[in-house]
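Notes to accompany the following structure.
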Amino acid sequence: MIESPHSPHVARVKALIGSKGAKERREQGLFIAEGVQCAKEALTSVSGPQIKILYGTENGLSKISDLDLGTVEIVEVTDAVMKAMSDTVTPQGLISLCYKPRTDFSEVTPSGSSIYIYLHEIQDPGNAGTILRTADAMGISAVITSPDSVDIFSPKVVRSTAGSLWHIPVFEGVSFDRLDKQFKGIQKLLLSSHAKTSIVDLSIPGDCVAIFGNEARGVDASTLGASVTEVTIPMAGRAESLNLSAAASIVMFTISTKLAG
């Protein structure tokens with residue numbers, strides 16, 4: 001059992017969640033997932049990110065005692081050490097040190113009814129995590145992010161996904177030009193408050209990509225090219241706008257319903 005907050009294990013975890021965490025995660029190919037739900041998903045997932053080391057307090061480990069823990073290295077820590085390692089105010093007693101999945105965007109092959117989400121320079125971790133969680137619920141094929149988008153494997157995004165990170169493929173740092181060339185001929189829909197076409201009225205005959213832009217700036221359709229169709233969400237009420245994750249949820253539900261029908 002680790003009892004000292006000065007243990008190298010503690011320093012390693014804190015490096016992955018600290019101010020330079022993105023660089024550490026990229027170089028080490030590892031990320032941190034806190035909490036019971038993430039631990040359960042990581043332990044039971046076949047295709048999602050796998051655990052390298054599971055850190056747990058006695059109480060934390062008791063919460064997953066019904067799962068097979070023989071396949072991972074378990075390091076028990078005291079409550080004080082867990083608090084020192086944690087990125088949350090109230091730790092749940094479990095921290096999973098996980099391998100970042102190795103994904104190759106060039107191998108993505110649309111099925112004829114695939115739905116992809118493209119996040120263009122999204123910055124808010126909560127938005128990114130919630131969108132990924134909703135994408136999982138709506139049966140989205142994959143979530144793709146542009147360069148300069150929030151790190152999907154940052155602690156806040158991982159927590160916001162509530163375990164969905166283990167259910168849906170994620171491809172980071174893909175430029176729109178690359179996506180456009182690989183998905184040539186596939187319908188690409190850009191959510192825009194300036195659009196005249198309602199997502200409700202749009203016909204979706206096959207594969208499509210839904211594009212969501214930066215929370216503050218959005219994304220200018222002209223910079224993406226003629227292959228993009230701008231769409232909007234009709235609103236009968238008086239709200240000026242919707243939070244990005246709320247708007248994305250409506251779009252994903254609408255598209256998935258159209259394809260299912």
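Bear in mind these aren't lab numbers, they're just calculated from the coordinates by the rules spelled out. If you're wondering where the values come from, they're calculated on a predicted model, not measured in any experiment. Neighbour counts run over all protein chains shown; Cβ positions are idealised from the backbone, glycine included.
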Distant-in-sequence amide H partners of I211 (H built 1.01 Å from N, under 5 Å): Y118, L189, L190, L191
Residues M138, M85, M235, M1 arranged by fewest to most Cβ contacts within 10 Å: M1, M235, M138, M85
Point-charge dipole on Cβ atoms (K/R +1, D/E -1) for the range 65-192, about Cα centre, debye to 20: 400 debye
Neighbourhood charge, 13 Å Cβ-Cβ cut-off, centred on I32 and excluding it, Lys, Arg +1 and Asp, Glu -1: +3
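Assigning unit charges at the beta carbon (Lys, Arg +1; Asp, Glu -1) and nothing else, what dipole magnitude in debye, to the nearest 20, does the chain show about its Cα centre? Each step should come with its number before you reach the end.
Working: 23 positive and 28 negative charges, 55 e Å.
Using Cβ point charges on Lys, Arg, Asp and Glu, the chain gives about 260 debye.
Counting pairs of alpha carbon atoms under 8 Å apart in space and at least six apart in sequence, what relative contact order in percent does the chain give?
On the way: 487 pairs, mean separation 50.7, N = 261.
Rounded, it is 19 percent for the chain.
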Positive-pole candidate from T232, S164, T254, dipole of the range 105-260, charges at beta carbon: T254
Cβ charges +1 (Lys, Arg) and -1 (Asp, Glu), total dipole of the range 105-260, debye: 280 debye
Ascending count of other beta-carbon atoms within 10 Å, so fewest first, for S192, S227: S227, S192
Rel. contact order, % - alpha carbon contacts under 8 angstrom, at least six apart, the range 71-142: 25 percent
³J(HN,Hα), Karplus 6.51/-1.76/1.60, whole Hz, each residue of the range 92-101, x for Gly, Pro: 8, x, 9, 10, 9, 8, 10, 6, 5, x
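So what is the relative contact order for the range 8-99, in percent, with contacts set as C-alpha pairs under 8 Å and at least six apart? Don't skip to the answer; put the middle values down first.
Details: 140 pairs, mean separation 37.1, N = 92.
Result for the range 8-99 is 40 percent.
Give me C208, C38 sorted ascending by neighbouring Cβ count inside 10 Å, so fewest comes first.
Numbers: C208 21, C38 25.
Lowest count first: C208, C38.
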